[in-house]
Amino acid sequence: MGLVIALNKGRIFEECLPLLAACQIQPTDDPKKSRKLIFDSVTGGHKIIVARSADVTTYVEKGVADVGITGKDTILEYGDNMTFYERLDLKIGACRMMTAGPVGVPDPEQGIRVASKFVNIARKYFQSQSKQVSLIKLSGALEIAPLLGLADCIVDIVDTGNTLKANGLEARETICDISTRLIVNRASMKTKFDSVQHLIQQLEEVVGSTESTEQAC
Ligand code: PRP
C-alpha cells in the first residue's frame with residue numbers, strides 16, 4: 001500500500017532523497033528542477049510531500065501524511081503531548097541545540113532575555129536550570145537579536161558554528177543533540193502497518209539505526 005511521506009524542505013529533504021532511493025522510493029520528477037510540492041513515486045504508489053519543518057509534524061498528526069521526516073528540534077518544539085510515533089533516528093542532519101550569546105558578555109543574573117525560534121525548548125531548558133527568562137519568538141536569523149540588543153542570548157541550532165562566529169557570538173551550553181527522525185501517524189501505524197514497517201526496516205538497514213520509540217534528548 002502506498003504511503004504519503006512528508007519531508008522537511010531544505011537540507012533534510014536533500015539528504016533524505018538518497019535514503020529513500022535506497023528504499024526504492026524515487027520521485028517521478030527531479031525535485032531540484034521542479035516547483036511541484038507533491039511528487040508521485042516511480043514505483044510503489046507513494047507520494048512525497050515537500051513541507052516546512054513545523055508543517056511536517058502537523059501533516060503527520062492530522063493523518064494527511066502517513067510518515068514524516070523532520071528534525072528532532074521540530075519534534076521537541078512540537079511538545080510533550082505527541083500525537084504521532086517517533087520511530088527511527090536517520091542519523092543525518094546531526095547538530096546541537098545550544099544557547100549562545102555575544103563573545104565575552106555573560107548573561108545578566110536575572111531577567112535574561114532569550115530569543116529563539118524554539119521557545120518551547122528554550123522555556124523547558126531554562127526552567128530545568130531554575131532560571132527565569134523572558135522569551136522572544138523569532139522566525140529565523142536569530143543571531144541578529146543579541147547584536148541589536150533585543151536579547152541577551154539565543155537558543156538555536158549549531159552545526160559548524162560558523163554563523164555564530166561570523167556574528168560575534170559564542171556557543172555556551174548544549175541543550176541536546178539533534179538529528180533527523182522518522183515519525184509515523186498513529187492510525188497509519190495500524191491501517192498501513194505492513195507498508196510502514198517495511199519502510200522502517202528498509203531505512204534501518206540503510207542507516208544502520210535501530211527502531212526506537214525513545215524520546216532521548
Ligand atoms: C541554522 C541555524 C543557524 C545555522 C547554524 O539556520 O538557525 O543560524 O543554521 O549553522 P552553522 O553552525 O553551521 O553556522 P538556517 O540556515 O537553517 O536558517 P534560519 O536561521 O533561518 O533558521
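If you check every pair at least six apart or on different chains, which have Cβ atoms under 7 Å apart with a residue in the range 185-207 that is touching a residue at least 24 places away in the same chain (Cβ under 8 Å) first and a residue that is among the basic types (K, R) and open to solvent by 40 Å² or more (accessible area, probe 1.4 Å) second?
V207/K91
When you go through (1) outside any helix (DSSP H, G or I); (2) under 22 Å from E205 (Cβ atoms) one by one for D30, which number turns out not to apply?
Every condition holds for D30 apart from (2).
Would you be able to say whether some residue in the range 96-103 is modelled with pLDDT of 95 or more and among the polar types (S, T, N, Q)?
The answer is yes, given that some residue of the range 96-103 is modelled with pLDDT of 95 or more and among the polar types (S, T, N, Q).
Of these, I136, I121, I175, which one is open to solvent by 30 Å² or more (accessible area, probe 1.4 Å), within 19 Å of A94 (Cα to Cα) and within 22 Å of the chain's Cα centre (by Cα)?
I175
Might you check whether a residue that is touching a residue at least 60 places away in the same chain (Cβ under 8 Å), in contact with a helix residue (DSSP H, G or I) (Cβ under 6 Å, 6 or more places away or on another chain) and basic (K, R) occurs anywhere in the range 4-23?
There is no residue in the range 4-23 that is touching a residue at least 60 places away in the same chain (Cβ under 8 Å), in contact with a helix residue (DSSP H, G or I) (Cβ under 6 Å, 6 or more places away or on another chain) and basic (K, R).
Taking R181, is it within 30 Å of G68 (Cβ to Cβ) and either open to solvent by less than 40 Å² (accessible area, probe 1.4 Å) or more than 23 Å from the chain's Cα centre (by Cα) (or both)?
Working: within 30 Å of G68 (Cβ to Cβ): yes; either open to solvent by less than 40 Å² (accessible area, probe 1.4 Å) or more than 23 Å from the chain's Cα centre (by Cα) (or both): yes.
So R181 passes the test.
(1) farther than 27 Å from L7 by Cα; (2) within 11 Å of the ligand (Cβ to nearest atom): which one isn't true of G140, the others all being true?
The one condition G140 does not meet is (1).
Tell me which helices (runs of 4 or more DSSP H) are completely within the range 113-217 and hold 2 or more residues being more than 21 Å from K72 (Cβ to Cβ) and modelled with pLDDT of 95 or more, or say none if there are none.
Numbers: elements: 119-128, 144-147, 162-166, 186-191, 193-207.
Correct list: 144-147, 162-166, 186-191, 193-207.
If T74 satisfies every condition in (1) under 14 Å from the mean Cα position of the chain (by Cα); (2) touching a residue at least 60 places away in the same chain (Cβ under 8 Å); (3) on the phi > 0 side of the Ramachandran plot but one, which is the exception?
The single condition T74 does not satisfy is (3).
Considering each residue of the range 139-170, count those that are more than 13 Å from M98 (Cβ to Cβ) and open to solvent by less than 20 Å² (accessible area, probe 1.4 Å), and give that number.
Number satisfying all stated conditions: 3.
Residue under question is L17, and the condition is that it be closer than 27 Å to G161 by Cβ and open to solvent by 20 Å² or more (accessible area, probe 1.4 Å); does it hold?
It is true that L17 is closer than 27 Å to G161 by Cβ and open to solvent by 20 Å² or more (accessible area, probe 1.4 Å).
Hey, can you tell me all the residues within the range 33-45 that are assigned to a loop (DSSP other than H, G, I, E, B) and either within 15 Å of F13 (Cβ to Cβ) or of a type in the set (F, W, Y) (or both)?
K33, S34, R35, K36, L37, listed by residue number.
Check F126 against each of (1) open to solvent by 10 Å² or more (accessible area, probe 1.4 Å); (2) over 30 Å from Q202 (Cβ atoms) and name the one condition it does not meet.
Against the list (1) open to solvent by 10 Å² or more (accessible area, probe 1.4 Å); (2) over 30 Å from Q202 (Cβ atoms), F126 comes up short only on (1).
With the structure loaded, tell me whether Y59 is hydroxyl-bearing (S, T, Y), modelled with pLDDT under 95 and within 15 Å of the chain's Cα centre (by Cα) or whether it fails that test.
No, not satisfied.
Would a scan of the range 57-68 turn up a residue that is touching a helix residue (DSSP H, G or I) at 6+ places or on another chain (Cβ under 9 Å), open to solvent by 40 Å² or more (accessible area, probe 1.4 Å) and part of a helix (DSSP H, G or I)?
Yes, some residue in the range 57-68 is touching a helix residue (DSSP H, G or I) at 6+ places or on another chain (Cβ under 9 Å), open to solvent by 40 Å² or more (accessible area, probe 1.4 Å) and part of a helix (DSSP H, G or I).
The values are calculated or read from the model by the stated rules, or taken from the named source; none is laboratory data. In this text the structure is predicted, and so the values were computed from the model without any measurement. Note: ideal-geometry Cβ built from the backbone for every residue, glycine included; neighbour counts use all protein chains shown. All accessible areas refer to the heavy atoms of the entire protein, side chains included, with ligands and DNA or RNA removed. Shrake-Rupley method; radii C 1.70, N 1.55, O 1.52, S 1.80 Å.
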